[in-house]
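**Student:** Could you have a look at this structure, given as structure tokens, before my questions?
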Amino acid sequence: MSGKPTNVTAQLLELHLIESQIRGLTHRLDDAERTLKAQSKLLSDLDAQAAALRTQARQLEATAANDEGEVQRIDERINKLRDQMNAAKTNKEYTTFQTEISVLKADRGRSEEKALASMGKLDAIRKSLAEVEAAHADRKTFVDAATKERNQRRDEIKDRLDELKGQRKAAAADIPDRAMDKFNERVALGDEDIMAPLEEHDRRNREYNCGSCRVVVPMEKLNGLMGRGELTTCSNCGVILYIEAATRDAVITGKK
Ligand SMILES: [Zn+2]
């Protein structure tokens, strides 16, 4: 490792290189995290489906039990009336019991139909529940595998990552706030380049362009970067510019 960077651009570049290493290192872990999250979401969807089906099944079981209970109560009532009918003293009495029994028989038919309908629905719900439970068991094996993969990735990079995080902290410590803010602003953009080197555009005319968007960097910016390593951003794309040793030499040689 070289010594401490001597200007703000060099400080930022050091930080940038450490962060690039961290990103490279955590890339596979991030993939594994995303896979695990997606699989876990599918599993919890199945949990929710199963819970809803279990609630429906419980309600239908209660309804079916009620209807069956009603059929039994009617049967008991009918048996009682039959006894009374058989013991009837008059024709009128007999007919009254007979009428009551036929009314109850109609009620019984309706309750029995309701109970059968509830049982039919219950069977369908139980079948769906069994399917969801089987899908849940399958999905669980995916989640377990994804968890194992994530943990493995995390463990294998842990030491190196801790080391790099320590370096990042040390590298960031001496960077002035304004430069740090600019750097973080670029990082927050996500997909955009954070820093880019100057590239030779036309050596004879001492023209250099932004290594990210290729737009020519004005002479005063080039001078600021060459001289004191000032915080320099591309006016076109906003990337933080730095100068590589070979480019620096070429600029100096070209100046002669
Ligand atoms: Zn640019």
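The values are calculated or read from the model by the stated rules, or taken from the named source; none is laboratory data. All values derive from a computational prediction rather than experimental measurement. Methodologically, a virtual Cβ is constructed for each residue, glycine included, from the backbone with ideal geometry; neighbour enumeration extends over all protein chains shown. Ligands, DNA and RNA are excluded from the accessible area calculation, which covers all protein heavy atoms including side chains. Shrake-Rupley method; radii C 1.70, N 1.55, O 1.52, S 1.80 Å.
**Student:** Take the residues in the range 209-227 that are touching an Asp or Glu at 6+ places or on another chain (Cβ under 6 Å) and not β-branched (Val, Ile, Thr); name whichever of them is modelled with the lowest pLDDT. Write out each step before concluding.
**Tutor:** The first filter runs over the range 209-227 and keeps only residues touching an Asp or Glu at 6+ places or on another chain (Cβ under 6 Å), leaving 209, 211-212, 216, 224.
Remaining after also requiring not β-branched (Val, Ile, Thr): 209, 211-212, 224.
Values: 209: 95, 211: 95, 212: 95, 224: 91.
Filtering the range 209-227 for residues that are touching an Asp or Glu at 6+ places or on another chain (Cβ under 6 Å) and not β-branched (Val, Ile, Thr), the one modelled with the lowest pLDDT comes out as 224.
**Student:** I'm trying to understand the selection: among the residues of the range 42-63, which are free of Cβ contacts under 8 Å to residues at least 12 places away in the same chain and not acidic (Asp, Glu)?
**Tutor:** At the first step, the residues of the range 42-63 found to be free of Cβ contacts under 8 Å to residues at least 12 places away in the same chain are 44-45, 48, 51-52, 55, 58-59, 62.
Of everything in the range 42-63, those that are free of Cβ contacts under 8 Å to residues at least 12 places away in the same chain and not acidic (Asp, Glu) turn out to be 44, 48, 51, 52, 55, 58, 59, 62.
**Student:** Inside the range 166-216, can you point out the residues that are within 16 Å of the ligand (Cβ to nearest atom), under 17 Å from residue 7 (Cβ atoms) and either open to solvent by 40 Å² or more (accessible area, probe 1.4 Å) or of a type in the set (Val, Ile, Thr) (or both)?
**Tutor:** Once the filter is applied, which keeps residues that are within 16 Å of the ligand (Cβ to nearest atom), under 17 Å from residue 7 (Cβ atoms) and either open to solvent by 40 Å² or more (accessible area, probe 1.4 Å) or of a type in the set (Val, Ile, Thr) (or both), the range 166-216 yields only 182.
**Student:** Another one. If residue 76 passes every condition in (1) at pLDDT below 95; (2) over 26 Å from residue 56 (Cβ atoms) but one, which one does it miss?
**Tutor:** Among (1) at pLDDT below 95; (2) over 26 Å from residue 56 (Cβ atoms), the lone unmet condition for residue 76 is (1).
**Student:** Give the residue, chosen from 28, 54, that is closer than 22 Å to residue 143 by Cβ and in contact with a Leu (Cβ under 9 Å, 6 or more places away or on another chain).
**Tutor:** 54
**Student:** Here is a follow-up. So residue 143 fits all but one of (1) within 33 Å of the chain's Cα centre (by Cα); (2) closer than 18 Å to residue 242 by Cβ; (3) open to solvent by less than 40 Å² (accessible area, probe 1.4 Å); what number is the exception?
**Tutor:** (2)
**Student:** If you scan the range 87-138, which residues turn out to be basic (Lys, Arg) and either outside any helix (DSSP H, G or I) or closer than 19 Å to residue 54 by Cα (or both)?
**Tutor:** 89, 121, 126, 127, listed by residue number.
**Student:** So, in the range 217-241, of the ones that are within 15 Å of the ligand (Cβ to nearest atom) and over 43 Å from the mean Cα position of the chain (by Cα), which residue ends up farthest from residue 16 (Cα to Cα)?
**Tutor:** In this case the residue turns out to be 218.
**Student:** Would you say residue 242 is crowded, with 19+ Cβ neighbours inside 10 Å and within 17 Å of residue 183 (Cβ to Cβ)? Can you show your working first?
**Tutor:** On the way: crowded, with 19+ Cβ neighbours inside 10 Å: yes; within 17 Å of residue 183 (Cβ to Cβ): yes.
Yes.
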